[in-house]
Amino acid sequence: MKSHKAILFCIALIVAGVLFAGCQPAGDNANTTVTTAATPPAIQNLSVVPRPEKIVAMMKERGEQDQAKPVLQITSPAKNATVNGSKVEVKLSLGGVLNGYKPHKDPASGKGNHIHVILDNQPYEAYYELDHPFELRNVTEGAHTLRVFASRPWHESYKNDGSFQMVSFTVKGGGDASKPTTTNSGQVMANNNANAKGTPAPKPAAAASATATPTPVQHEGKDVAPSKAGEIDAAKPLLTYSRPKGEYKGEDADPIMIDFWLSNGKLQGDGGEFRVRYSVDGGEAKFIDKWEPIWLAGWITGKHSVKLELVDKNGNLVDNGGYNSTTREITVTK
Ligand SMILES: [Cu+2]
């Protein structure tokens, strides 16, 4: 009997505790009709700010390396290669004017020069040690593109001719479309079932065609992922989204860099005819008229979408296989 009473008493305590806790927020709210300055407004006002001092200092420290003109070559897969099976070996060679530029991850800081590797129009994956294998696993059946370009430890790309390379290849007997494509170290290169954001969803009538279908199609009872390669014309203007991507924390989140690669075209501020239009969280469209990174400050905590588009002087999207309009989701935590 004694223990029974004790249990009842405990339950009573817990119930009381829950009720009390449950009352707290309501009580608080009731008392805060006059707003206090303690809660920051959940409104995001982004502004373009100068290159952060920290990065300016790193550039100084790197000296002539920052003026390097790295030239990459994709030696595998070969241009227009047909790859049998779901594994695709990526092999790169690096030349050009390097001035000490070498991809390598410093074990202590976890940072260093690296190559951005992009399958189709997915977020890039970093490739640090070019003498170690970089293999794409579970690549799906169909046409694909691979884009690579040299990058700095803070993910700003080198923008000289030859730093960027792209190849198209076709996979026969591809992988399991219900699973992601990864690298040999387990990094996700493509989420095959999730429609890449920013890739326009085709109309139902177009879904029957082979290109850019976002949902897997049934093929002899087996899910086969659609090709997400797009109809890329390597000679046409191409905007390659690079940054931002992933998660940003603390001082890395303010400011955040927008960076991209531009092939076969020039922006208006560089004497060309194109503009890069960007918007954050579906907000007001802004423009980048010189091919260089910008830094945006004023991010609030949470998930954000960043959209980059290549447009002509009339503001019309310059299409190239759907790659010239790309939206990525990033997460900002303080
Ligand atoms: Cu990077």
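Here, each number is a calculation from the coordinates, and none is a lab measurement. On a predicted model such as this, the values are computed, not experimentally measured, just so you know. Here the Cβ is made from the backbone with ideal geometry for all residues, glycine too, and neighbour counts use every protein chain on show.
A few comments on the model shown:
- FRET efficiency for LYS102 and THR82, using Cβ-Cβ distance with R0 set to 41 Å, rounded to 0.05: 0.80
- In terms of the mean number of neighbouring beta-carbon atoms within 10 Å, the peptides 282-290, 306-314 order highest first as 306-314, 282-290.
- Karplus-derived HN-Hα couplings along the range 120-129 (A = 6.51, B = -1.76, C = 1.60, θ = phi - 60°), whole Hz, x at Gly and Pro: 6, 10, 8, x, 6, 10, 8, 10, 9, 10
- Pairs with C-alpha atoms separated by more than 26 Å, drawn from the list LYS102/LYS236; LYS105/LYS179; LYS69/LYS307; LYS266/LYS334; LYS79/LYS159; LYS54/LYS245, are LYS102/LYS236; LYS105/LYS179; LYS69/LYS307; LYS266/LYS334.
- Calculated FRET efficiency for the pair GLN44/GLU292, C-beta based, R₀ 35 Å, to 0.05: 0.90
- For the peptides 55-66, 110-121, the ranking by mean Cβ contacts within 10 Å, running from highest to lowest, is 110-121, 55-66.
- Around ILE118: net Lys/Arg minus Asp/Glu count, Cβ-Cβ under 11 Å: 0
- Protection proxy ranking, highest mean first, for peptides 135-146, 169-180: 135-146, 169-180, where packing is the per-residue count of other beta-carbon atoms within 10 Å, averaged.
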